[in-house]
1. Using a probe of 1.4 angstrom, how much of the accessible area of the chain is carbon and sulfur, in percent?
2. Under 5 Å between amide H atoms, partner at least 5 residues away or on a different chain: which partners does residue 87 have, H built in plane at 1.01 Å?
3. Among the complete DSSP H segments of the chain, which ones combine at least 20 Å of alpha-carbon extent along their axis with a mean Kyte-Doolittle hydropathy of 0.0 or more?
4. Pick from 21, 250, 84 the residue whose mean-square fluctuation is largest in a GNM of the chain, springs joining Cα atoms under 10 Å.
5. Using a 1.4 angstrom probe, figure out how much accessible area the range 96-210 has per residue, in square angstrom, rounded to the nearest whole.
6. Between residue 177 and residue 113, how many nm apart are label points set 7 Å from Cα along the C-beta direction?
7. Only Lys, Arg, Asp and Glu count, each charged at its Cβ (+1, +1, -1, -1), so figure out the dipole size of the range 13-167 about its Cα centre, rounded to 20 debye.
8. Mind checking which of 25, 67, 85 is farthest towards the positive end of the chain's charge dipole, using Cβ charges of +1 (Lys, Arg) and -1 (Asp, Glu) about the Cα centre?
Amino acid sequence: MKKFALIGQPLSHSLSPSIHAAAYHDLQLHGHYDLLETATEQVEGVIELVRTGEIDGLNVTIPHKVTVMPFLDAIDEDANAIGAVNTIKKVGNQVIGYNTDAQGFKESLLERLHIKTVRQQRILVIGAGGAARAIVHTLGKDGAVLTIVNRTISKAEELAGMYPFDVTHLTIEAAEMILNQFDIVINTTSVGMSSFTNKSPIKLDRLASSTLVCDLIYNPLETILLKEAKNRGNATLNGVGMLVNQAALAIEIWTGKKPNRKLMEETLVREVRN
């Protein structure tokens, strides 16, 4: 039986085992997906389990997406540019790191918009953490016109300066004043999740009716930000597609097989609602 796992801390909230189990069953893949609560000092040891073949593939979540990198033999180009790894596999004698988060979001975004590229799309990214970094990298490569906002403006400035393509930064208050200039707004922060469910990361008073509002959060399925946008008549996108797509891409890396993403999405939504 193939053994796959997610490492991070904490993991009790993770719904990944359910969507992976659904995909494996549909693929007739004899595999099992475990949650491995992993402290920082344990990361190297878990990577060795991949190297020895005791684990066939790893997913990595907070806080270890950067921590794992020094213990890998090679890192995929995108993962290296993003500066974070969320998927690990042994290839030959090497343990290699990949990042499927960014591509997972991009695919869900393109599907929602029914377009093939975000080139020239004016996109506002809220947040300056790891998720924002992945989003800015992948959408910037595709030719999007990007603006980053963050409560701590120095972090937005730092992130904007990391890329060879043109990325600007603003305070949240300044962005709110020109919100009607953006085609897409993406929240990459935790505002709207768990104890922050009654908060929104930005005021939508000046939002254009044609703007797509996205939130990487998938639990709840509709955050305050998305509810407010929906009430204004705007199209919205939650984090379900990103989570499903990044998991599906990881399965493809590990097995070479393409899982049923629709089935995985239905499983995730059912788990969240329960």
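1. Whole-percent figure for carbon plus sulfur exposure: 49.
2. Answer set, sorted by chain and number: 60, 98, 100.
3. Membrane-span-like by this rule: 240-255.
4. Largest GNM mean-square fluctuation: 21.
5. Values: 5500 Å² over 115 residues.
Each residue of the range 96-210 exposes 48 Å² on average to a 1.4 Å probe.
6. Calculated label separation equals 2.6 nm.
7. In debye, rounded to 20, the range 13-167 gives about 660.
8. Going by the charge dipole, the pick is 25.
The values are calculated or read from the model by the stated rules, or taken from the named source; none is laboratory data. As the structure is a prediction and not an experimental result, all values here were calculated from the model. All Cβ positions, even for glycine, are placed from backbone atoms using ideal geometry, and neighbour counts span all protein chains on display. Heavy atoms of the whole protein, side chains included, go into the accessibility calculation; ligands, DNA and RNA do not. Shrake-Rupley method; radii C 1.70, N 1.55, O 1.52, S 1.80 Å.
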